[in-house]
Amino acid sequence: PLDSDSSPLPDWRTGSGAGWVGNATRANATFVMLARNTDVNGAVQSIRSIEDRFNREHGYPYVFLNEEEWTDEFKKRISVLSNAPMEFGVIPHDWWFQPDWIDEDRAAAGRKKMEEQGIIYAGSVSYRNMCRFNSGFFFKHEMLMKYKWYWRIEPDVMFHCTLSFDPFKYMEANNKVYAFTIALYEWAATIPTLWDTVKDFMKTYPEYVASDNAMGFMSENGGQDFNMCHFWSNFEIADMDFWRGEVYTKFFEFLDKTGGFYYERWGDAPVHSMAAGLFLPKSKIHFFNEIGYEHPPNQHCPQDDDIWKKGMCSCDQTRTHGELVFLLPLRLDTDHPPFLAFSDYGPYS
Ligand code: GDP
Ligand code: MN
């Protein structure tokens with residue numbers, strides 16, 4: 001019943017590699033990890049975790065991206081972890097580094113101001129490169145172009161529950177576009193002008209805003225102010241055709257040309273969240289409750305005992321909301337996590 005994307009499978013995806021689980025029912029999907037060579041131990045840990053809890057049964061491929069050449073050491077340590085195909089790609093220079101048209105004096109002043117506010121990664125240019133790359137470029141990388149779906153994984157994350165289903169196939173079968181496991185508050189000081197820019201975009205292109213969007217998740221007053229709630233993008237399972245399409249392409253260009261990725265410190269998490277929340281019907285956004293996931297210091301652990309037991313979950317259900325106050329997800333005052341109530345929020349009108 002779960003029909004795959006009809007695009008032809010590359011030879012190596014038809015399942016002939018020694019020891020690799022040849023599985024013709026796989027979706028047209030890949031894992032993607034952005035990392036540095038020095039992240040190797042954390043990357044090994046994350047891949048062992050996803051292989052154990054999901055991928056050894058499925059054999060989805062991996063793409064690793066880096067703005068520098070990968071070391072032989074990194075490739076060696078990683079490639080023994082799975083029989084699934086792995087590719088190690090380098091990011092084109094201009095998709096990563098701060099563009100020449102950015103006013104460096106203004107950017108430096110922005111970094112300094114943010115440092116004074118004690119914001120994490122305030123002074124880091126490389127962090128800003130990373131956020132801009134994840135916002136606007138990763139899905140155009142030649143190694144990802146053959147795929148429709150991706151599952152983003154970072155070094156040093158843990159998957160806590162055994163999955164008895166294929167999330168990619170779930171997305172396909174249920175017409176989902178974007179999926180998350182954790183929703184958090186953003187640091188307001190990192191995005192002082194982001195929401196105003198997004199509102200300008202909506203005014204310029206009202207036809208792009210979905211009528212049954214998730215504005216109610218992001219704003220308490222019908223869109224006037226952003227409530228800082230966003231999907232934590234270090235975990236994402238999504239359809240790259242959404243990022244590659246006209247609406248998001250225009251959206252990213254509109255944001256990028258303001259320089260906000262450098263003058264401020266716009267994260268790919270709020271950028272992706274706002275796009276998914278505004279340009280998709282909210283029914284296309286999915287919360288994967290079954291996927292126990294930890295990116296320290298936060299985690300999602302299924303609260304439902306049946307799901308937790310069935311998944312043989314290794315996470316502590318009592319700390320599902322994370323431990324730092326500034327990262328607390330929205331609406332802890334209700335007796336269910338905000339994402340379960342996600343579908344209850346009304347559209348923008
Ligand atoms: P945080 O989760 O916001 O604390 O940020 P991380 O340090 O985990 O970075 C997010 C992702 O980008 C992770 O997959 C990192 O491995 C990757 N990353 C961050 N900075 C760089 C960088 O300068 N170069 C490369 N190649 N990857 C980076
Ligand atoms: Mn991280």
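The values are calculated or read from the model by the stated rules, or taken from the named source; none is laboratory data. The model shown is predicted, which means the values in this text are computed figures rather than measured ones. So basically every Cβ, Gly included, is an ideal-geometry build from the backbone, and we count neighbours across all protein chains shown.
Below are the figures for this structure:
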| item | result |
| --- | --- |
| Failed criterion for residue 119 (all others in (1) among the hydrophobic types (A, V, I, L, M, F, W, C); (2) modelled with pLDDT under 95; (3) away from ligand 1 (no atom under 16 Å from the Cβ) hold) | (3) |
| Criterion (under 23 Å from the mean Cα position of the chain (by Cα) and either over 18 Å from residue 138 (Cα atoms) or surrounded by 15 or more Cβ atoms within 10 Å (Cβ to Cβ) (or both)) met by exactly one of 101, 95 | 95 |
| Matching residues in region 108-123 - criterion: being in contact (Cβ under 8 Å) with a residue 12 or more places away in the chain and either surrounded by fewer than 19 Cβ atoms within 10 Å (Cβ to Cβ) or hydroxyl-bearing (Ser, Thr, Tyr) (or both) | 117, 119, 120, 121, 123 |
| Those residues of region 135-170 which are more than 12 Å from the chain's Cα centre (by Cα), within 16 Å of ligand 2 (Cβ to nearest atom) and not acidic (Asp, Glu), in sequence order | 155, 157, 158, 159 |
| Candidates 266, 308, 243, 232, filtered to the one that is more than 20 Å from the chain's Cα centre (by Cα) and among the aromatic types (Phe, Trp, Tyr) | 308 |
| Count of residues meeting criterion [within 16 Å of ligand 2 (Cβ to nearest atom), within 18 Å of the chain's Cα centre (by Cα) and of a type outside the set (Gly, Ala, Ser)] in region 28-76 | 10 |
